[in-house]
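K.L.:
Handing you a structure now.
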Amino acid sequence: KVLGKIQDYIPAKKLRDGPAAYSITGLHDMADIFLGGSGRAVIEVLFIAETFGYCCVYLIIEGENLSHQLQDFEIFKSWSKWHFMVLSATIFLPTC
């Protein structure tokens with residue numbers, strides 16, 4: 001019942017320009033309605049921080065993977081996991 005009420009809710013203020021000006025399309029719209037512009041900004045910052053966290057975890061996992069795959073080669077024997085994380089960043093981030 002509550003979800004249906006949220007989906008059918010039409011905000012009193014215009015959220016954006018265009019045909020979906022009065023439609024709630026995500027959490028940032030709900031935060032804008034209930035908490036104002038500051039709530040919208042908080043949600044957007046949280047989404048950016050969450051995405052940054054995913055990227056950091058990805059680089060850590062890829063660095064560990066590269067260290068396991070390449071540690072037997074003579075050139076990589078002195079490398080730490082930190083070096084492999086930097087290597088994975090230089091390989092994978094430009095392709096994003």
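The values are calculated or read from the model by the stated rules, or taken from the named source; none is laboratory data. Everything numeric in this text was worked out from a predicted model, so none of it was measured. Backbone-built Cβ (ideal geometry, glycine too); neighbour counts: all protein chains shown. Heavy atoms of the whole protein, side chains included, go into the accessibility calculation; ligands, DNA and RNA do not. Shrake-Rupley method; radii C 1.70, N 1.55, O 1.52, S 1.80 Å.
K.L.:
Which option, (i) -1.05; (ii) -1.33; (iii) -1.16, is the value of log10 I(q)/I(0) by the Debye sum over Cα atoms at q = 0.22 Å⁻¹ that was calculated from these coordinates?
P.N.:
(i)
K.L.:
Mind giving me the nanometre distance, one decimal, between the label points for PHE34 and GLN69, set 7 Å out from Cα along Cα→Cβ?
P.N.:
Distance between the two pseudo-spin positions: 4.4 nm.
K.L.:
At 27 Å minimum axial length over the Cα atoms and a Kyte-Doolittle cut of 0.5, report the qualifying DSSP H helices in the chain, or say none.
P.N.:
TM-like helix candidates: 37-70.
K.L.:
How much accessible surface does VAL57 have with a 1.4 Å probe, in Å² rounded to 10?
P.N.:
Its accessible surface works out to 80 Å², give or take rounding.
K.L.:
Add +1 for every Lys or Arg and -1 for every Asp or Glu among the other residues with Cβ under 11 Å from the Cβ of ALA20, and state the total.
P.N.:
0
K.L.:
Still on this structure, I have one more. In the chain, what percent of the accessible surface is made up of carbon and sulfur (1.4 Å probe, ligands and nucleic acids excluded)?
P.N.:
Carbon and sulfur atoms account for 67 percent of the accessible area of the chain.
K.L.:
Report the extension gain between ALA89 and ASP17 in nm, rounded to one decimal, defined as 0.36 nm multiplied by the number of residues separating them, less their alpha carbon distance. Show your work: numbers first, answer last.
P.N.:
Values: separation 72, 0.36 × 72 = 25.92 nm, distance 3.80 nm.
The ALA89-ASP17 span can extend by a further 22.1 nm.
K.L.:
Turning to a different aspect of this structure: For THR25 and TYR54, compute 0.36 nm times the residue count separating them, minus their Cα-Cα distance, and round to one decimal in nm. Before the final figure, lay out each step's value.
P.N.:
Details: separation 29, 0.36 × 29 = 10.44 nm, distance 2.31 nm.
Gain in length upon complete extension: 8.1 nm.
K.L.:
Quick one: how many Å² of LEU27 are accessible to a 1.4 Å probe, rounded to 10?
P.N.:
100
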